[in-house]
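*Asks:* My questions all concern the structure below.
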Amino acid sequence: MTRFTIASFNVKNLIEAEEEYYRFEEYTPEEYAWKRAWLADQLLTMNADVVCFQEIFSEAALRDVVIETDELGQSANDAVIPDRSKRYARKAIFRKLAYEPYTEAGLAFAPNSFDGGPGQRRPGVAVLSRFGFVGAPEIIQDLPEPLTVPFSDLDGSDGGSYQVKRLSRPILKVRIPLGSETVTVFNCHLKSKLGELPRPEGAVFPPAADLVNYDPATRAMGSLRSALRRMAEAWVLRSAVLKELEAGNPVMVLGDFNDSEHAVSSEIISGEAPFKNYAWMRRHDAQTRRDRYSDAENDIIQEKISKVRLYSAEKLFVKKSLRDMVYTSAFGGVFESIDQILMSRHFLPEFAGKIGEMEYFSVLNDHLTDGSHPEAPYNKLASDHGQIMAHMVLGDPDG
């Protein structure tokens with residue numbers, strides 16, 4: 001039996017001091033030291049075996065955080081873990097309290113192919129694994145062939161198309177050895193909800209960005225463009241997930257989806273939820289009103305859909321613990337979960353072919369402040385996301 005923890009952590013713009021990442025945005029040496037210390041404290045508190053990071057501008061800055069985390073962890077071990085000469089040293093509580101350093105851990109970093117110069121930087125993603133990796137990590141961002149989404153009008157005529165040539169941020173795919181299993185992990189950061197506003201040639205900024213001369217129609221169209229891009233990116237991720245599932249590989253997807261669990265982009269990634277029973281549904285090729293799917297066909301449909309679905313760790317936790325809310329984001333008075341952990345049915349307790357299951361789900365969100373809060377301008381030193389972690393066990397937890 002193997003236990004491990006896997007977490008998602010949007011660090012909010014991690015880069016070294018005096019490096020302008022967005023226009024007019026950078027950290028002073030003191031701010032960077034404070035941010036690095038805060039991130040290290042969060043990472044120490046999580047003490048996760050696998051961490052999927054988002055908004056990483058610099059691999060070196062992330063390594064700085066990991067080093068500081070190890071230093072904090074070693075100090076904590078020295079203070080609270082008894083040496084082996086003590087007769088009570090083997091008690092389980094000390095195993096749980098002990099921090100395991102990331103000294104031998106693997107770190108995979110996916111830079112953003114959109115990354116530019118000062119003021120025009122674009123963040124990537126990273127995965128830290130105490131178990132290392134199987135094979136080389138893979139980066140999905142620049143598509144070998146453009147994704148073209150065709151549309152048709154309600155009358156069946158051509159409705160144009162939407163095309164994506166590369167993703168706004170990379171998707172990082174790694175394979176992690178866990179006991180006798182190898183699990184494929186995807187780390188993603190889908191397109192934000194910020195609207196894509198048109199900027200005329202030669203203009204310094206998009207006219208609709210001028211809030212004094214508020215243009216609601218153009219801004220709404222910008223939100224539409226952003227949502228289309230986010231959903232297209234979700235489909236690219238879903239396609240990569242399906243290849244792994246069709247090969248029989250256990251899959252976990254983590255990251256900042258920039259949408260809640262019930263949003264369209266999340267549904268695209270996880271796959272459609274099956275109906276309770278298809279035997280009542282009229283067939284797709286019905287010739288009479290009595291032509292419905294049979295019970296045998298219902299079983300076939302249920303299996304085909306369930307085989308390629310992903311399941312929300314948050315939802316499994318709510319079902320298991322009878323809790324009713326988890327949130328990882330607070331903005332404009334709205335609290336929601338936009339950071340998620342999804343897993344294939346290999347980890348469902350009720351699945352006959354399971355390899356393990358989730359024992360617990362935890363979230364660190366006490367640092368979140370609403371965007372209108374007086375302290376919010378200083379929130380760049382912490383993160384504007386909660387950190388989520390799934391506590392997993394492979395094998396039979398009761399065995």
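*Asks:* Measure off, as a whole percent, the carbon and sulfur share of the 1.4 Å-probe accessible area of segment 148-226, all protein chains present.
*Replies:* 55
*Asks:* How many Å² of accessible area per residue for the chain, probe 1.4 Å?
*Replies:* 53
*Asks:* Further question: Just want the answer: with Cβ charges of +1 for Lys and Arg and -1 for Asp and Glu, which residue in Ser113, Ala48, Pro29 is farthest toward the dipole's positive end in segment 24-165?
*Replies:* Ala48
*Asks:* Quick one: Debye curve from the C-alpha atoms of the chain, no solvent, what's log10 I(q)/I(0) at q = 0.06 Å⁻¹?
*Replies:* -0.28
*Asks:* By what distance, in whole Å, do the Cα atoms of segment 211-363 stretch along each of the three principal axes, largest value first?
*Replies:* Computed over segment 211-363, the largest-to-smallest principal extents equal 62, 45, 31 Å.
*Asks:* How big is the dipole moment of the chain about its Cα centre under a simple scheme where the beta carbon of each Lys and Arg is +1, that of each Asp and Glu is -1, and everything else is neutral? Debye, nearest 20, please.
*Replies:* In total the dipole reaches around 1240 debye.
*Asks:* Can I ask one more? Rounded to a whole number, what % of the accessible area of segment 29-78 do carbon and sulfur atoms account for, probe 1.4 Å?
*Replies:* About 50 percent, which is the carbon plus sulfur part of the accessible surface.
*Asks:* To the nearest 500 deg cm²/dmol, what mean residue ellipticity at 222 nm is calculated for the chain from DSSP H runs of n ≥ 4 alone, each contributing -39,500 (n - 2.57), summed and divided by the residues?
*Replies:* The helix-only estimate for the chain comes to -8500 deg cm²/dmol at 222 nm.
*Asks:* Report the calculated FRET efficiency for Glu19 and Thr45 (r = Cβ-Cβ distance, R0 = 25 Å), to the nearest 0.05.
*Replies:* FRET efficiency, Glu19 to Thr45: 0.40.
*Asks:* With springs connecting C-alpha atoms under 10 Å apart, model the chain as a Gaussian network and identify which of Asp291, Asp78, Asp41 has the largest mean-square fluctuation.
*Replies:* For the chain, modelled as a Gaussian network with Cα springs under 10 Å, the answer is Asp291.
*Asks:* Name the residue, out of Gly132, Gly356, Gly202, whose mean-square fluctuation peaks in a Gaussian network model built on the chain with Cα pairs under 10 Å.
*Replies:* Largest GNM mean-square fluctuation: Gly202.
*Asks:* If one computes P(r) from the Cα atoms of segment 255-314, what percent of pairs lie at distances over 17 Å?
*Replies:* Every Cα pair in segment 255-314 considered, those over 17 Å come to 52 percent.
*Asks:* If we sort 118-126, 266-274 on the protection proxy, mean other Cβ atoms within 10 Å, highest first, what's the order?
*Replies:* Most protected by this proxy first, the peptides run 118-126, 266-274.
*Asks:* Set Lys and Arg Cβ to +1 and Asp and Glu Cβ to -1, take the dipole of the chain about its Cα centre, and tell me which of Pro200, Met325, Gly255 lies farthest positive.
*Replies:* Going by the charge dipole, the pick is Met325.
*Asks:* Right, something else. For segment 132-244, what Kirkwood radius comes out of the mean inverse Cα-Cα distance, in Å?
*Replies:* Averaging 1/r across every pair of different Cα atoms and inverting gives 16.9 Å.
*Asks:* Across segment 104-118, in residue order, what do the Karplus-derived ³J(HN,Hα) couplings come to in whole Hz, using 6.51 cos²θ - 1.76 cosθ + 1.60 with θ = phi - 60° and x for Gly and Pro?
*Replies:* Values, residue by residue: 9, 6, x, 10, 10, 10, 10, x, 8, 5, 8, 4, x, x, x Hz.
The values are calculated or read from the model by the stated rules, or taken from the named source; none is laboratory data. As the structure is a prediction and not an experimental result, all values here were calculated from the model. So basically every Cβ, Gly included, is an ideal-geometry build from the backbone, and we count neighbours across all protein chains shown. The accessibility values were calculated without ligands, DNA or RNA, using every heavy atom of the protein model including side chains. Shrake-Rupley method; radii C 1.70, N 1.55, O 1.52, S 1.80 Å.
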